[in-house]
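Before any comments, here is the structure.
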Amino acid sequence: MEKIVSTGIDELDCLLGGGFKRGDIILIIGPPGSGKTILSATIVHNIAVKYGVPCLYVSFTELKHEFYENMARLGLDFEELERRGLIKYVSMPTMGVKELIEDLVDYIITSAEDIDAKVVVLDPLTPITLMGDPLRARVLFHNTFMRLSKLGGRLLILTGDIPLEEKTRLYSVDFIADYIIRLEYSLTRSGVLRRVMKILKSRGKEVLYNKLDFEIFEEHGIHIATWHRPLSAPSLTTGEHVPTGIDGLDKVLAGGLKRGSSTLIYGPPGSGKSWILLSIACKCTLNGEKVSYISMMRREEAILSQLRWIMEDLDKVLEKLRVVYVDHHDLTPARLHRILSGIYREFTPSIIVWEGIQNYVLNIDFNDFYWQLKEYLNINRSVKSVMVSSLTEGLLSERAFRAFLELFDNVFKLSLEKRRDEVFRCILAEKIVGAFLPSKRSAIVTLSREGLRVDW
Ligand SMILES: Nc1ncnc2c1ncn2[C@@H]1O[C@H](COP(=O)(O)OP(=O)(O)OP(=O)(O)O)[C@@H](O)[C@H]1O
Ligand SMILES: [Mg+2]
């Protein structure tokens, strides 16, 4: 096994500069059900598979068959690891008060040495910290953990359900640990569990992002959302600008949407945001761009029927267009990240169109959303993909709304205006990156079967 050990969780490895070091002590803390066992098991599993090295898992709560079954549901095959001699699972769900902490510790060390384990997990540490005389136990733990980790060149993973503040009960394990990872959860406004991983200590290294959303996902295990990394490189066609195909818009945009830019179209309900978004999506596909149209408002069928009205012959458009409905009710940042990652991986769009972005903001804390979107738009800028979004006005607070507009390179406002007996759709250019705003700031938008026109 190399000096730097990959955890096999790509996003975590990236933050850690490749992984943990041999000899590191990792303390994973968090309340019940926060994912301590699953995170430890994932790391052990991945290391055993990748490096073909034996590992020891000591559990003080879960029986072997239970643990193996639970992990199998997450795509981690411990049966197979055991067959290959890569895991020894020791289960000690009950311990009598008469048992000696010295014997227990001896047993763990002997087990690790017997199989020449390269990773040792003690999950959770809490029961053994409650045994014996505190002072003796403290010295013993210190020696044991050092012997298992630093001296033995093993990765030692310890879990604990005790808050960090109660240091005495964890016998200062938090001081000898090289890493402290805290897992937390809360409920979103719509009542969905949102999980967060905080890297609170990383000895000898700076971790750039210390708070990460993650998700535990049936069959796939842990998915960590890292918004500062590209989801994938887009499939680019050439040209610095992507024409929207709507003449008036292309004129004010000095040729079209700049690669790497983000555009927001906002306005009240019914002002025609989706029409513009869909028209741009259609025209861009006909120019050879791959477009993902993500909606947080309407199901695929509703979008496709609107598309059919815009374009009779949809076959050509659909070769390059993917329409995806994302239900925002059970969305968390990690789930959204996973959905987007899937879209990027499978389809590699060069243009992302995102309808009804406000529905997502209604579900999670605006500050979190703001920072994540900022990272995401930045990364889109660097990989030169284009993003076009729509936002319904009036659903965010004024302060949040202003902060939100700041994130985009181009901002257009749609409105419905009554002149005498007629209602007109108007578009107003509020901000355009790298071009002068037109002297006449607003224009009339007309929708007809011949297409969408903007008379600037
Ligand atoms: N197959 C699965 N699919 C999705 N989520 C799952 C699955 N199995 C478990 N979970 C989630 O993981 C949680 C349990 O995670 P885990 O056992 O790692 O927590 P823990 O921090 O070790 O808890 P404890 O302190 O009780 O040991 C469950 O509450 C559930 O929300
Ligand atoms: Mg557990």
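Every number in this text was worked out from the coordinates using simple rules, so none of it is lab data. None of the values given here were measured: they were computed from a predicted structure. A quick note on method: Cβ atoms are made from the backbone with ideal geometry, for glycine too, and the neighbour counts reach across all protein chains shown.
For this structure, a couple of remarks:
- With loop membership from DSSP and a limit of 13 other Cβ atoms within 10 Å, the longest segment of the chain without GluC sites (Glu not before Pro) is 3-164.
- Overall, the chain carries a charge dipole of about 1440 debye about its Cα centre when +1 sits on the Cβ of Lys and Arg and -1 on the Cβ of Asp and Glu, all other atoms neutral.
- 0 to 90° range, to nearest 10: angle between helix 134-146 axis and the chain longest Cα axis: 70
- Helix 273-286 and the longest principal axis of the Cα set of the chain meet at an angle near 90°.
- For Lys36, the lysines whose Cα falls under 26 Å of its own Cα, not counting residues fewer than eight places away in the same chain, are Lys3, Lys21, Lys50, Lys64, Lys88, Lys118, Lys150, Lys167, Lys198, Lys201, Lys205, Lys211.
- Ellipticity estimate at 222 nm from DSSP helix runs (n ≥ 4, -39,500 (n - 2.57)) divided over the chain, nearest 500: -10000 deg cm²/dmol
- Cα-centre dipole for segment 241-455 with unit charges at Cβ (Lys and Arg positive, Asp and Glu negative), debye to 20: 460
- Taking amide H positions as modeled 1.01 Å from N, with prolines and chain starts lacking one, the residues under 5 Å from Thr61 and 5 or more places away or on another chain are Met92.
- Bins of 10 Å from zero: percent of alpha-carbon pairs in the chain: 4, 19, 25, 18, 14, 11, 7, 3, 0, 0
- The Rg/Rh ratio of segment 241-455, with Rg taken over Cα atoms and Rh as the Kirkwood radius over Cα pairs, comes to 0.93.
- Of the trypsin sites (Lys or Arg not before Pro) found in segment 341-426, those that fall in a DSSP loop while having at most 16 other beta-carbon atoms within 10 Å are Lys384, Arg420.
- Degrees separating the helix 36-51 axis from the principal Cα axis of the chain, which is the longest one: 90
- Across segment 398-412, coupling constants 3J(HN,Hα) worked out from phi with the 6.51/-1.76/1.60 Karplus curve, θ = phi - 60°, read 4, 5, 5, 4, 5, 4, 5, 4, 4, 6, 9, 6, 10, 10, 10 Hz, and Gly and Pro carry x.
- Lysine pairs within segment 241-455, Cα separation less than 16 Å, 8 or more sequence positions apart or different chains: 18
- Among the trypsin sites (Lys or Arg not before Pro) found in segment 1-95, those both in a DSSP coil and sparsely packed, with 14 or fewer other Cβ atoms within 10 Å of their Cβ, are Lys3, Arg84.
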